[in-house]
Amino acid sequence: MEIEPSLSSGRFKLHDQLELLEFKDQYVIKSVESPDQGFSIDRRDGNIEPLNDEACSGSPSQTSTIYGVAGTIRLLAGKYVLVITSRKVAGTFLGFPVFRVTSMKFLHCNEALKFSNYQEKKDEVYFMNLLKVVEATPGLYYSYETDITLNLQRRCKLAEGWMSKPIWKQADPRFVWNRNLLEELIECKLDGFIIPLLQGSFGAVQLKLNDSPAVITLLSRRCNRRLGTRMWRRGANLEGDTANFIETEQLLETEGFKSSLLQVRGSIPLLWEQIVDLSYKPQLKIINHDQTPKVVERHFRVLLQRYGEIVAVDLTDKHGDEGQLSAAYAAEMQKLPNVRYVSFDFHHVCGTSNFDKLQVLYDQIQQEFDNQGYLLIDTEGNILEEQKGVIRSNCIDCLDRTNVTQSYLAQKSLSLQLQRIGILSSTKCISMFSEEYGKFRTLWAEQGDEISIEYAGTYALKGDLVRYGKQTISGLIRDGMSSLSRYYLNNFQDGVRQDAMDLISGHYTVNRNSPSPFQLNGFESFSYLPVASALVIGGLTLTSFSLQQAGRSAQQYLSSVVWAGVTAGVLALVKANGTQFCSRPRLCGLR
C-alpha cells in the first residue's frame with residue numbers, strides 16, 4: 001500500500017497528532033490534521049491495511065489521542081503495537097522542536113492466545129510483562145520535522161535534498177532505539193507515521209556572555225548494538241560493539257554561528273564480564289579468547305572511519321580487578337599504532353572531590369585535543385573548521401568518572417569556541433562567569449543522571465563534581481543511596497530489564513517452534529530468594545530469642561545452637577549459590 005508523506009517546503013514532516021479509534025475487531029490510527037491519512041490494525045491477527053471507508057464504519061468503543069507509532073512486535077500469541085500516549089517538549093535542535101516520550105502503551109492483537117497450550121500461555125505472560133518494562137523505557141526523544149540521530153558535522157556532509165527523504169531513512173541506524181520495531185511499518189510504506197526514537201539525553205540552556213545570548217544544547221545518543229543493563233552487558237562482543245556506547249554532542253549557537261563538539265564513551269572493548277552474585281562488588285573476569293585482538297581492532301577501525309583521529313582515555317583504577325582489566329586493555333592498545341592510549345587513574349589523582357586535578361589529564365592530551373578541534377559554521381553557513389577526531393573516554397561503567405571527565409573537556413572546548421567567535425577574549429573562559437558556568441555544569445550533570453538511569457537504574461555518582469566542582473554532604477548522601485539502589489537493581493531486577501531490552505532490540509526472536517526459554521533450571525531467583533530471606537530473618541530472630549532464654553535451661557541453650565546453625569547454613573547456601581539467587585536474563589547469553 002502507499003500513503004503519501006507530509007511535506008513542507010521540500011522537508012519531510014511526520015504526522016504529529018493522531019487519533020486512535022478502538023473497534024471490536026480492529027484499531028484505526030489516522031492523522032488529526034489529515035483524516036484521510038492512516039491505517040487499520042486487525043485485532044485478531046495484527047494485519048495492517050491502508051485506511052478506507054469501511055475501516056471507520058460504525059462507532060468505536062473508545063477514541064483517544066496518541067502522538068506516534070513506535071513500531072510493532074510479534075510474540076507467541078499475536079502482534080503488539082507500541083504507541084506514544086503522551087509527550088513533553090524537550091527543546092529544539094537546530095530550530096526543530098524535540099519531544100520527550102513520557103508514556104507509551106502496547107495495543108494487543110493477540111486473539112490466538114486462547115488457542116495456545118499451557119506453556120505458551122505461561123511464556124506469553126512473561127513476554128507481556130517484558131513489554132510493560134519496555135513501556136517504561138526512560139530517555140526517549142524524537143522530532144516530527146528532522147532526524148536527531150545525526151550530529152551536525154555528519155548532517156553537513158549529506159547530499160542536498162536529504163531532508164526530503166522519510167525521517168527513518170535519514171537516521172543513523174546505530175542510534176535508533178526502536179529500529180527492530182519499525183520493520184513492518186517500513187514494509188507497509190507508512191513513512192508519515194514512522195518515528196525513529198533516540199535513547200539518551202537531551203537538554204538545552206540559554207546563557208548570556210558579555211551581552212551576547214548563546215544557546216548550548218547537549219545531546220547524547222545511545223547505541224543499540226550492545227544495548228543492556230550495567231552488569232549484564234559489559235565489554236565488547238565479537239563484532240567490536242561495546243556496551244553503553246554513547247556519542248555526546250555539545251552544540252553552541254550564538255551570534256548566527258554554530259559550533260559542535262563530539263565526544264564518545266564506551267565500555268573497555270575487551271571480552272569481559274562481571275556476574276552479580278549478591279556481593280557488593282562482583283569480581284571482574286577477563287575472557288581469554290583468540291579473537292580478542294580482532295575485537296579491539298574492529299572496534300577502533302569503525303571509530304577511525306567515523307570520527308577520525310582517536311585518543312582513548314582510560315579512567316579505571318590501576319590496582320585490583322580494575323587494574324588487571326586496565327593492564328589487559330593497555331597491552332592490546334600497544335598493538336594499534338594509529339590510536340593513542342592514555343591511562344589516567346581518576347581515583348588516585350582526583351580522589352573523591354578534586355575536580356580541578358583533571359588539568360593533569362588535560363595537559364597530557366591537550367595537543368591532540370586542540371588538533372582534533374571542533375566544527376564551526378559561520379553566519380552564512382560556511383564551514384570554517386571541522387572536527388578531525390574525538391576523545392573516547394571510559395571507566396568501568398562509563399558513567400560517573402567518564403561524565404566528570406567529558407564535562408571538563410567540554411568546558412575547555414567551549415571557551416576556545418567562544419574565543420574564536422569573538423564572544424570572549426583570549427584571556428577569558430566560561431568558568432569566569434559563575435552564574436552562566438553554573439547553568440552549564442547543571443546541564444552536564446543532568447545529562448549524566450539520565451544516561452546513568454538508562455544503564456544502571458540510578459542517578460549518576462559524583463554528580464556534585466560536575467555541578468559544583470567539589471563533593472558536598474548532600475551529594476555524599478545521594479551517592480550512598482544511589483550505590484545501594486544500584487546494588488538492589490543489579491542483583492534483583494536487571495535480569496528482567498535485560499530480557500526486555502533483548503526482546504525489543506531483536507537480539508532475541510520469539511519463535512513458537514523453539515523450546516520455552518523459561519523452563520526452570522536449578523534455582524529460580526524469584527521463587528527461592530524470598531524463601532531464603534525468610535529463613536535467614538526467621539533463624540536470626542529465633543536464635544536471638546533462644547539466647548535470651550538460654551540461661552534458664554539446657555534445652556533452650558541447645559535450641560539457640562540449633563537455630564544459629566540453621567541460619568549459618570542458609571547463609572552459606574545463599575553465598576555459595578549467589579548467582580542463582582540473583583535476577584538473571586533468560587533470553588540471551590552474555591555475549
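The values are calculated or read from the model by the stated rules, or taken from the named source; none is laboratory data. Just so we're clear, the structure is a prediction, and the values are computed from it rather than from any experiment. Counting neighbours? That spans all protein chains shown, and the Cβs are built from the backbone with ideal geometry, glycine included. Surface areas here come from the heavy atoms of the whole protein model, side chains and all, with no ligands, DNA or RNA. Shrake-Rupley method; radii C 1.70, N 1.55, O 1.52, S 1.80 Å.
Across the stretch 356-371, coupling constants 3J(HN,Hα) worked out from phi with the 6.51/-1.76/1.60 Karplus curve, θ = phi - 60°, read 5, 5, 5, 4, 4, 5, 4, 4, 6, 10, 4, 4, 5, 4, 5, 5 Hz, and Gly and Pro carry x. Its Cα gyration tensor gives the stretch 66-138 an equivalent ellipsoid. The semi-axes, each the square root of 5 times an eigenvalue, are 32, 11, 8 Å from largest down. Using alpha-carbon pairs under 8 Å, 6+ residues apart, how would you state the relative contact order of the stretch 425-520 in percent? Here the relative contact order equals 18 percent.
Taking the alpha carbon gyration tensor of the stretch 374-462, multiplying each eigenvalue by 5 and rooting it gives semi-axes of 28, 17, 11 Å, largest first. Between amide H atoms placed 1.01 Å from N, distances below 5 Å from residue 209 occur with 214, all of them 5 or more places distant or on a separate chain.
Expressed as a rounded percentage, what relative contact order does the stretch 93-173 have, with Cα pairs under 8 Å and six or more residues apart? Intermediate results must be reported in sequence, preceding the final value.
Working: 45 pairs, mean separation 32.6, N = 81.
Relative contact order for the stretch 93-173 comes out at 40 percent.
For the stretch 210-285, a crude dipole built from +1 on the beta carbon of Lys and Arg and -1 on the beta carbon of Asp and Glu, taken about the Cα centre, is about 500 debye to the nearest 20. Each residue, residue 568 and residue 473, gets one label point 7 Å from its Cα in the Cβ direction; the gap between the two is 4.2 nm.
Accessible surface computed residue by residue for the stretch 178-314, with neighbouring protein chains in place and a 1.4 Å probe, gives 34 Å² per residue. Derived scalar couplings between HN and Hα for the stretch 347-354 equal 5, 5, 7, 9, x, 9, 8, 9 Hz in order, rounded to whole Hz, by the Karplus curve 6.51 cos²θ - 1.76 cosθ + 1.60 (θ = phi - 60°), x for Gly and Pro. Amide H to amide H distances under 5 Å link residue 238 with no residue, where only residues 5 or more positions off or on other chains count and H is placed in the peptide plane.
In the neighborhood of residue 91, defined by Cβ-to-Cβ distances under 15 Å, what is the net charge if each Lys or Arg adds +1 and each Asp or Glu adds -1?
-1
Taking only the C-alpha atoms of the stretch 52-211, the Rg (one decimal) and the largest Cα-Cα distance, Dmax (whole number), read 18.8, 71 Å.
Going by the alpha-carbon gyration tensor, a ≥ b ≥ c the square roots of its eigenvalues, is the stretch 25-95 rounded (a/c under 1.5) or, if a/c is not under 1.5, prolate (a/b greater than b/c) versus oblate? It comes out oblate by the Cα gyration axes. About its Cα centre, the stretch 96-174 has a charge dipole of approximately 200 debye under the convention of +1 per Lys or Arg Cβ and -1 per Asp or Glu Cβ, with nothing else charged. Across the options 99, 185, 201, the greatest Cα extent toward the positive end of the charge dipole of the stretch 92-201 (unit charges at beta carbon of Lys, Arg, Asp, Glu) belongs to 201.
Could you compute how fast the stretch 158-228 diffuses translationally, taking Rh as the Kirkwood radius over C-alpha pairs and applying Stokes-Einstein at 10 °C with viscosity 1.306 mPa s? Give it in µm² per second.
My calculation gives 109 µm²/s for D.
For the chain, the convex hull spanned by the alpha carbon atoms encloses 192 Å³ per residue. In a reduced charge model with +1 at each Lys and Arg Cβ and -1 at each Asp and Glu Cβ, the chain shows a dipole moment near 1460 debye about its Cα centre.
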